[in-house]
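A.B. asks: One structure, pasted below without further comment.
The values are calculated or read from the model by the stated rules, or taken from the named source; none is laboratory data. Please read all numbers here as calculations on a predicted model, not as lab measurements. Here Cβ is always computed from backbone atoms with ideal geometry, including for glycine, and neighbour counts include all displayed protein chains. These accessible areas exclude ligands, DNA and RNA; they are computed on the full protein's heavy atoms, side chains included. Shrake-Rupley method; radii C 1.70, N 1.55, O 1.52, S 1.80 Å.
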Amino acid sequence: SPQAFDHVITFAEIDGKRYWLDATLGHQRGPLRLRGVAPYGKALVIGDAHETLVDVAVASEGGTNVRIDERFDVASLDQPVVPVVTSRYAGNAAEHMRALFADTSTAQVERNFLNDSAARYPSARFVSLSFEDRPDINEVTVTERYALPDCSRQHDGHVRSPLYRYGWGVAAYVGLPQTRKRSMPLALSYPLSVTHDIDMQFAHDALLPGHDESRQINNDSAMFGFTRTARADRIGLHYTFASLTDSVPADAAERYLSDLGAMIDYGTRAMDIRTLPADPAPIN
């Protein structure tokens, strides 16, 4: 019965390749292989030789692809810092971001981004926001700049900076579900690939000695990676998360949720910066 369906899309075979096209997605751009499609699940192809439901395949290139580069150039911890956040959205993510900028006033978009930043840095002040659209490759780039006035605190003879250094770009996709004991599969956003790099550059060697760290968490449904590199004048953090399937079977949910808890621990840890004392004692 037609009443069993709530949407109509197009299935096309072009040059031997299959595409699912949704004409209601008005902000799609770029080649067909780079365009996203919602995870509708199954569809009935009218006029097809088959009389059964078929899976609506979502190509990885048209899924949610996000890459965030966050850079801090710190001349001095007693001066304001203006971080630059460059976010590149491709596939479904580009189309959602393109729709946001097209359908929302500039002032409201700026407020939305500032509020997101203020959740991490309450004292953040808006500096600028730019939007670049690359329709030929279905990619959108958003560049944000904020001023952070309070970047240092004195504690135990050291300067401690409250600059949060955690993978907030990844953390948005690794939240625990409300229902932990599963009798049904757990749906995942798929295809999904998110990368968040944080680079903190200091004007001089002022940091306390740090340590490098690396962690990989992989299972049949997702993969997570974390890398930390520490130098006397630089700290680099790299986070990545990708979904490998569109759902986790109920009998595999317990292990997945355990791994997800570890991902959240690494992805949401906020780590302070500790600098050397202003007048370090000489080493005898």
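A.B. asks: With every protein chain kept in the model, how would you rank Lys17, Lys181 by accessible area, 1.4 Å probe, largest at the top?
C.D. replies: Accessible-area ranking of Lys17, Lys181, largest first: Lys181, Lys17.
A.B. asks: For the chain, give the percent of accessible area contributed by carbon and sulfur heavy atoms, probe 1.4 Å, rounded to a whole number.
C.D. replies: Whole-percent figure for carbon plus sulfur exposure: 51.
A.B. asks: Could you give the accessible area per residue of the chain, probe 1.4 Å, as a whole number in Å²?
C.D. replies: Details: 16010 Å² over 284 residues.
Spelled out: the 1.4 Å probe surface of the chain, per residue, equals 56 Å².
A.B. asks: For the chain, what percent of Cα pairs sit more than 37 Å apart?
C.D. replies: Percentage above 37 Å: 26.
A.B. asks: Determine the calculated [θ] at 222 nm for the chain from helices alone, applying -39500 (n - 2.57) to every DSSP H run no shorter than 4 residues and normalising by the residue count; nearest 500 deg cm²/dmol.
C.D. replies: Rounded to the nearest 500, it is -5000 deg cm²/dmol.
A.B. asks: Moving to a separate point now. Highest mean first, how do 3-9, 52-58, 135-141 rank when packing is the count of other Cβ atoms within 10 Å averaged over residues? Walk me through the numbers on the way to the answer.
C.D. replies: Details: 3-9: 9.4, 52-58: 13.3, 135-141: 17.9.
Most protected by this proxy first, the peptides run 135-141, 52-58, 3-9.
A.B. asks: Most fluctuating residue of Gly16, Gly236, Gly62 in a GNM of the chain with Cα springs under 10 Å: which is it?
C.D. replies: Evaluated over the chain, the most mobile residue of the options is Gly16.
A.B. asks: Using a Gaussian network for the chain with springs between C-alpha atoms less than 10 Å apart, which of these wobbles most: Ile217, Ile14, Ile235?
C.D. replies: Ile14
A.B. asks: If a/c stays under 1.5 just call it rounded; otherwise compare a/b with b/c (prolate if a/b is bigger, oblate if not). Do that for segment 43-157, with a ≥ b ≥ c from the square roots of the Cα gyration tensor eigenvalues.
C.D. replies: Here segment 43-157 falls in the prolate category.
A.B. asks: Let me ask you something else. By average Cβ neighbour count within 10 Å, what is the ranking of 220-231, 183-194 from highest down?
C.D. replies: Highest-to-lowest ranking by the protection proxy: 220-231, 183-194.
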